[in-house]
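The values are calculated or read from the model by the stated rules, or taken from the named source; none is laboratory data. Here the structure is a predicted model, which is why all the values come from computation and not from measurement. In this analysis, Cβ positions are derived from the backbone assuming ideal geometry, glycine residues included, and neighbour counts consider all displayed protein chains.
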Amino acid sequence: MKHLPLLGRLLPVLALVALTVGLGSTGADAAGTARTCAHPRFVTSDPNGGTTMGRYYVHNNMWNASSYPVSETLKACSAGNWYVRAKANNSSGDGAVKTYPNVHRDYNDPRLSAFKGIKSTFASRSPHVGIYDGAYDIWMNGIASSGSTEVMIWTDNFHQYPSGDVVQRGLRFSHRTWRLFATGDHGYLAFVPNHPLHHGTISLKKRLSYLVSHGYLRHGSTIGQICFGYEIVSTDGAFHRFKIDRFSITQRHR
């Protein structure tokens, strides 16, 4: 029998180990995208605390926490490297979102049709405790104002359920299958994947164009804000960390 050199005998084993580890890993760590934020440039526990970092704004955004026992501290090293330690519960049983710590880019209401493409790259990690979702939150035709539309693209989900009803199934975007949820007035729209995405690149323009072509968004719609973060309902009353490891938006104008 022919004997292979030691390295030749080890390579198949190492390849099998690498494959096994890869298949067994989840989240940002599996893609090598996890980053530490040991020396944050910005720290806040202010319910509306935030800071500008480059073209983005990192926001603690405890927008609905005043009537609940909620604590949250945000620490940011950059717009694409930050986290919050949050504590909340759902003892009221109402399932209300208390906070949406996020990073976002503001727009001066350009028409969606002015862009050839809008993509965003992200990576995130979450504790798998309580109730929450990780999501893009895109405001069209204004920002949380009369006549505006909230378009969400969920990437992570733990025991959470979107508003509205399923109006489309089997949609294919980003190598995943998605459902589309909508309220009756189409003021809230949410793309929800069949399986979570912990990292990747999302074509925002493709989804928004789909909504226009299928009548969920009106023609001539404008972009107000693009956000990415975690909607936190509960952490089961204990402090847990929600981490953003990567975030950026790239766009091409016509």
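Numbers for the structure displayed
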item	result
Close pairs from the range 192-212: first on the phi > 0 side of the Ramachandran plot, partner part of a strand (DSSP E or B) and modelled with pLDDT under 95, Cβ under 9 Å, at least 6 apart	G200/R176
Strands (runs of 3 or more DSSP E) within the range 93-169 that include 1 or more residues among the basic types (K, R) and surrounded by fewer than 21 Cβ atoms within 10 Å (Cβ to Cβ)	102-106, 115-125
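Conditions tested, residue by residue: (1) under 18 Å from I131 (Cα atoms); (2) touching a strand residue (DSSP E or B) at 6+ places or on another chain (Cβ under 6 Å).
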{"site": "G54", "(1), (2)": "no, no"}
{"site": "H59", "(1), (2)": "no, yes"}
{"site": "M62", "(1), (2)": "yes, yes"}
{"site": "P69", "(1), (2)": "yes, no"}
{"site": "A76", "(1), (2)": "no, yes"}
{"site": "A79", "(1), (2)": "no, yes"}
{"site": "R85", "(1), (2)": "yes, yes"}
{"site": "A88", "(1), (2)": "yes, yes"}
{"site": "G93", "(1), (2)": "yes, no"}
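Every residue, every condition in (1) over 13 Å from the mean Cα position of the chain (by Cα); (2) modelled with pLDDT under 95; (3) not charged (D, E, K, R), yes or no:
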residue: S213; (1), (2), (3): yes, no, yes
residue: Y216; (1), (2), (3): yes, no, yes
residue: I226; (1), (2), (3): no, no, yes
residue: V233; (1), (2), (3): yes, no, yes
residue: A238; (1), (2), (3): yes, no, yes
residue: K243; (1), (2), (3): no, no, no
residue: F247; (1), (2), (3): no, no, yes
